[in-house]
1. Can you spot a residue in region 119-135 that is touching a residue at least 40 places away in the same chain (Cβ under 8 Å) and in a loop (DSSP other than H, G, I, E, B)?
2. Of the conditions (1) at pLDDT below 95; (2) under 23 Å from Leu246 (Cβ atoms), Arg174 fails just one. Which one is it?
3. I need a count of the residues in region 178-216 that are open to solvent by 10 Å² or more (accessible area, probe 1.4 Å), in contact (Cβ under 8 Å) with a residue 12 or more places away in the chain and within 20 Å of Glu262 (Cβ to Cβ).
4. In contact with a Ser or Thr (Cβ under 9 Å, 6 or more places away or on another chain) and either without any contact (Cβ under 8 Å) to a residue 12 or more places away in the chain or charged (D, E, K, R) (or both): which single residue out of Arg471, Arg450 fits that description?
5. Suppose we filter Asp292, Asp313 for residues that are closer than 22 Å to Ile151 by Cβ and open to solvent by 10 Å² or more (accessible area, probe 1.4 Å); which single one remains?
6. Quick check on region 92-110: of everything there that is among the hydroxyl-bearing types (Ser, Thr, Tyr) and closer than 14 Å to Arg370 by Cα, which residue is nearest to the chain's Cα centre (by Cα)?
7. I'd like the full set of residues that are in contact with a strand residue (DSSP E or B) (Cβ under 8 Å, 6 or more places away or on another chain) and either more than 18 Å from Phe89 (Cα to Cα) or small (Gly, Ala, Ser) (or both), limited to region 462-476.
8. Quick one: Lys344 ticks every box in (1) in contact (Cβ under 8 Å) with a residue 24 or more places away in the chain; (2) more than 21 Å from Lys139 (Cα to Cα); (3) not hydroxyl-bearing (Ser, Thr, Tyr) except a single one, so which number is it?
Amino acid sequence: MGSHAMMNPLDPEEFRRQAHVVVDFLADYYLNIENYPVCSQVEPGYLTKTMPQSAPLQPEPIETILQDVQKHIIPGLTHWQSPGFFGYFQSNASTGNFLGEMLLTGFNSVGFNWLASPAATELEIVVMEWLLKLLQLPKSFSFSSDGGGVIHGSTCESFVCTLVAAREKKLSQREADLGKLVVYCSDQTHFSLQKGCRVVGISPNNVRSIQTKKSMNFQLSPDALLTAIESDVRAGLIPLYVCLTLGTTSTTAVDPLLALSEIAKRFLVWVHVDAAYAGSACICPEFRHFLDGVEGANSFSFNPHKWFLTTLDCCCLWVKDQSDLTKALSNDYELLKNKASDTKNVVDYKDWQIALSRRFRAMKLWMVIRSYGVTGLQEVIRKHVKLAKHFEALLIADKRFEVVVPRNFATVCFKVLAPNASNEDSKRLTETLLDSLNASGLVYMTHVVREGVYVIRVAIGATLTEEKHVRMLWDMVQEHTTHLLASFADIE
């Protein structure tokens, strides 16, 4: 061997130095985040044209790499942490979360079973029990009963796991053709449920997407669900699973959990409650009533990576009977056998999810809860709701706008009105307004179409968003609408 010293990719002192450089880089990024257009304005293929065609043969210093991040990567980012980001649903972040991510990445634990990292498993149990109490979920979802909680990567993963659990439970109870199983949801349910159904073998033809109405604030109607189930039973089909939503993606509608779950139970249908967005708000007593009726569910999930100061990926799922999951998802590979698992007194989270490997996500959630406390998390949620309530009031007071559905949380849905404007005119005006606002680079919002109505969604929830940013948005909405309606009047 030559005299050249072998590289150490995990040298503690070099790690310390480079980590400081990256932290400084990110701190500067946040200091300057308002200088970047909120939505990336690059053209498709921009990065493949500027990046080298081959990987570097020799190591490069972190300083050089970060120069390329600044020059090439940041222009291609849509800045979800920008205070002007009002699109989709927020994925807000925090210092506590970043520190938790550093720890979980630094430990790089692969806690597929208890023995693989006891702390990873047991901290997850602790955090899930903390959250259960904060949300005042029924004790039947607790590890102290037959239930329990697990941290998944996304709602889609939780859909797939609960669908598999429901499917296997149903097929174990009666002989049935998989092609006869039926899943129910509303036309407001997140589209990832449809993907989950395909993954577990449920035909798209057997997914009943029940139409909702603006007159009912886009809630899933109990009468409509009952009618759909009874029709399928008469046709010889087997009702399997219904997804109820607390805070739909389009308009943050809340389904009536109690009435719907009672109907489902009459037909032995698995009930899942998806509270991906609005579940976080329910740690505040004034929003807990939206969860009334959750005791009728078989499973419940929400995403801390939306509104709980916790970054992707983090979805919390609870089930009433943990054996429903483990019977459907467990394996007994010889390599993984150990005395602790054989006792049946430990949790092996590999049997609660699709994948074998898993990240130590509980670490960052634990860090967030400890860093800000319940009161701090409630304060963040209440701030965003207060800002949304103020923005809604401004819209209501201006006759040029219509708030399309009542605000439940911190998302406001509105459209443009104009004298003598047809529905098509209103759609075109609202769409043009959204495009012009987003093109400014100062803000970013998304839209939805419901009952043929084009609606702008303003989701307030980025960690850095303050009153001044909502005031700026309102000023921009007024100014752009004034010019837009003046142009419309000239055409008229």
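1. Yes, because at least one residue in region 119-135 is touching a residue at least 40 places away in the same chain (Cβ under 8 Å) and in a loop (DSSP other than H, G, I, E, B).
2. Status for Arg174: all satisfied but (2).
3. 3
4. Exactly one of Arg471, Arg450 is in contact with a Ser or Thr (Cβ under 9 Å, 6 or more places away or on another chain) and either without any contact (Cβ under 8 Å) to a residue 12 or more places away in the chain or charged (D, E, K, R) (or both), namely Arg450.
5. Asp313
6. Ser94
7. Passing the criteria: only Ala462.
8. Evaluating Lys344 over (1) in contact (Cβ under 8 Å) with a residue 24 or more places away in the chain; (2) more than 21 Å from Lys139 (Cα to Cα); (3) not hydroxyl-bearing (Ser, Thr, Tyr) leaves (1) as the failure.
The values are calculated or read from the model by the stated rules, or taken from the named source; none is laboratory data. None of these values were measured; they are calculated from a predicted model. Counting neighbours? That spans all protein chains shown, and the Cβs are built from the backbone with ideal geometry, glycine included. Ligands, DNA and RNA are stripped out before the accessible areas are found, and what is left, the full protein with its side chains, is counted by its heavy atoms. Shrake-Rupley method; radii C 1.70, N 1.55, O 1.52, S 1.80 Å.
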